[in-house]
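The values are calculated or read from the model by the stated rules, or taken from the named source; none is laboratory data. Note that this is a predicted model, so its numbers are computed, not measured. Note that each Cβ is placed from the backbone with ideal geometry, even for glycine, and that neighbours are counted across all protein chains shown.
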Amino acid sequence: MSFDYDVVIIGGGPGGYNCAIRCGQLGLKVACVETRKTLGGTCLNVGCIPSKALLHASELYESAQNDFAGMGIKATVSLDLKTMMKSKESSVNGLTQGIEYLFKKNKVDHIIGFGKITGKNAVDVDGKAISAKHIVIATGSEVAALPGVDIDEKKIVSSTGALSLGKVPKKLLVIGAGVIGLELGSVWRRLGAEVTVVEYLDHILPGMDGEVQKQAQRIFKKQGFDFKLGRKVTAAKTMKSGVKVTTEASAGGDAKNTTYDVVLVCIGRRPFTTNLGLDAVGVATDKRGFIEADHFKTNVDGIWAIGDCTHGPMLAHKAEDEGTAAAELIAGKAGHVNYDAIPGVVYTKPEIASVGQTEEQLKAAGIKYKKGKFPFQANSRARCNHETDGFVKILAHAETDEILGAHMIGVNVGDLIAEVTLAMEFKAASEDIARTCHAHPTITEAVRQAAMDVEKWAMQM
Ligand code: FAD
Ligand code: NAI
């Protein structure tokens, strides 16, 4: 039987575009169907890239106000939000166009339109039928809705609206103290907003290492975040003067009303598979709508699923690695993702990064571990830069010394985590890091010292 393509990928985000490029590299005839006019998905258009552009610019803005004078730099600083937004857009445009170029280079057909699966080997794109031996679903995720809080992307916004506000809100309410809440809350706080965060749980950043959570909460509170923990929003009403928000204790009762200029809803994301035709071909999903997949294969032969629409962390690099591995498996090669070594980074100041298991997870699993910890206060480069908040923590198996996890909060830890991730890929022991020469004076020395501290011979504290 002949098909138009070997592989048709639905969705042009980090999962889909990397899968398409790898298919092209491996000589497969491939098309990528994407509804948006630009490639790059959530990540490049309304996620990772614009948020990091604003985090960088707002960090410089705040630093110029608070840190420059102490280092002998005199500057008068004022905000030009329009230019900041333009600068963000130019980063987004440059990168989305870059993927167009990579598609051409790797002979990937880019089809603009909405893809719907109409048969085991058939996809309809806005009325045009395409056939393919393999279909890869890479349709990503969408914002999870909160009953009683209707997003209008003006006063009640999702992350998408929060990336493009026309002016700095005086009072911003963030619903959810997760990754988006802290990153985008940081952007607007640095630009001048009073930021309140309502979180259902009694702590921020659920799922992260407990010590990191506590330290992060202390630091963000000091920066000016007003955390209302153990509370939930039950209603939000848009009025001329702002948004009237009702909160209650998570367990119910103690209702309070407060008015904010803007409300950001970021209580998680859910898989996006609306109108995809999954039922018609019998692709199985779980109760929450995630596509069930085993090594990226769904229950229907020839149909694959990768990225946010299937299980696992909702991260661009996880989607990217799944896309690459799925393409390799389709091409008859070995494709593999090591889910034990997927780093996660929160790009606040200080940054937060983790890989592998937390202490809480190790305890729950009954795994005996050793712990090494090193504070940035004792790192010479962090002290030169006056950026001494936080620590590096490394967890290693009590008997084999194999690294089981690393959890960090501090300057540049989003980059430092790569060293431990690589070490974990190689099944390294903490001693391997402890005995690796690290340049001085660098922030990376904190990782080495934490590894030394696993056997209690850290020499710089
Ligand atoms: P997506 O990027 O969501 O791409 C799916 C694409 O499929 C979309 O472009 C959509 O238009 C398209 N599509 C859907 N259905 C169809 C259809 N039927 N036909 C055609 N096209 C369709 N992750 C990180 O790792 N680091 C970060 O710093 C980070 N920051 C983030 C910041 C924000 C504000 C948000 C919202 C997310 C962030 N993420 C980050 C998460 C990251 O964006 C996602 O994990 C990643 O984009 C998932 O990639 P994906 O390819 O699975 O899906
Ligand atoms: P999240 O899952 O990180 O945080 C959501 C928070 O909202 C949690 O703390 C949760 O307890 C809380 N919550 C849930 N319901 C609530 C309610 N009714 N009232 C109050 N609080 C409530 O989700 P978030 O921040 O929306 O991000 C979505 C996804 O995007 C994340 O899973 C993450 O993987 C990805 N992302 C990754 C980034 C990165 O890697 N740097 C940056 C931004 C997003």
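Is at least one residue of segment 48-64 part of a loop (DSSP other than H, G, I, E, B) and either out of contact with any strand residue (DSSP E or B) (no Cβ under 6 Å at 6 or more places or on another chain) or away from ligand 1 (no atom under 14 Å from the Cβ) (or both)? No, there is no match, as no residue in segment 48-64 is part of a loop (DSSP other than H, G, I, E, B) and either out of contact with any strand residue (DSSP E or B) (no Cβ under 6 Å at 6 or more places or on another chain) or away from ligand 1 (no atom under 14 Å from the Cβ) (or both).
Checking the structure you have, find out if any residue of segment 3-20 is modelled with pLDDT of 95 or more, within 26 Å of the chain's Cα centre (by Cα) and charged (D, E, K, R). Scanning segment 3-20 turns up no residue that is modelled with pLDDT of 95 or more, within 26 Å of the chain's Cα centre (by Cα) and charged (D, E, K, R). Within the bounds of segment 314-333, is there any residue that is surrounded by fewer than 18 Cβ atoms within 10 Å (Cβ to Cβ) and either among the hydroxyl-bearing types (Ser, Thr, Tyr) or within 11 Å of ligand 2 (Cβ to nearest atom) (or both)? Yes: segment 314-333 contains one or more residues that are surrounded by fewer than 18 Cβ atoms within 10 Å (Cβ to Cβ) and either among the hydroxyl-bearing types (Ser, Thr, Tyr) or within 11 Å of ligand 2 (Cβ to nearest atom) (or both). From the list 418, 423, 428, 398, the one residue that fits, being of a type in the set (A, V, I, L, M) and in contact (Cβ under 8 Å) with a residue 60 or more places away in the chain, is 418.
Residue selection: residue 164 satisfies the criterion of being surrounded by fewer than 20 Cβ atoms within 10 Å (Cβ to Cβ), closer than 30 Å to residue 87 by Cβ and within 12 Å of ligand 1 (Cβ to nearest atom). The residues of segment 280-321 that are touching a residue at least 12 places away in the same chain (Cβ under 8 Å), part of a loop (DSSP other than H, G, I, E, B) and among the basic types (Lys, Arg) amount to a single one, 288.
In summary, residue 198 fulfils each of the numbered conditions (1) surrounded by fewer than 22 Cβ atoms within 10 Å (Cβ to Cβ); (2) away from ligand 1 (no atom under 16 Å from the Cβ); (3) not polar (S, T, N, Q) with the single exception of condition (1).
Note on segment 249-271: residues that are surrounded by fewer than 16 Cβ atoms within 10 Å (Cβ to Cβ), assigned to a strand (DSSP E or B) and either among the charged types (D, E, K, R) or within 16 Å of ligand 1 (Cβ to nearest atom) (or both) total 1.
Residue count for segment 168-188, restricted to those that are outside any strand (DSSP E or B) and within 16 Å of ligand 1 (Cβ to nearest atom): 13.
Being over 18 Å from residue 409 (Cα atoms), in contact with a helix residue (DSSP H, G or I) (Cβ under 8 Å, 6 or more places away or on another chain) and not aliphatic (A, V, I, L, M) holds for only one residue in 220, 227, and it is 227. Per the conditions (1) of a type outside the set (Lys, Arg); (2) within 23 Å of residue 406 (Cα to Cα); (3) within 16 Å of ligand 2 (Cβ to nearest atom); (4) in a loop (DSSP other than H, G, I, E, B), the sole criterion not satisfied by residue 336 is (3). Scanning segment 131-142 for residues that are surrounded by fewer than 21 Cβ atoms within 10 Å (Cβ to Cβ) and not charged (D, E, K, R) gives a single hit, 131.
Residues are listed down the side, and each one gets a yes or a no for (1) on the phi > 0 side of the Ramachandran plot; (2) touching a strand residue (DSSP E or B) at 6+ places or on another chain (Cβ under 9 Å); (3) of a type outside the set (A, V, I, L, M):
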| site | (1), (2), (3) |
| --- | --- |
| 372 | no, yes, yes |
| 388 | no, yes, yes |
| 393 | no, yes, yes |
| 397 | no, yes, yes |
| 404 | no, yes, no |
| 411 | no, yes, no |
| 414 | no, yes, yes |
| 423 | no, yes, no |
| 426 | no, no, yes |
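Among residues of segment 152-166 that are free of Cβ contacts under 8 Å to residues at least 40 places away in the same chain and assigned to a loop (DSSP other than H, G, I, E, B), those with a Cβ under 8 angstrom from a residue that is hydroxyl-bearing (Ser, Thr, Tyr) and within 11 Å of ligand 1 (Cβ to nearest atom), sequence gap 6+ or separate chain, pair up as 153/160.
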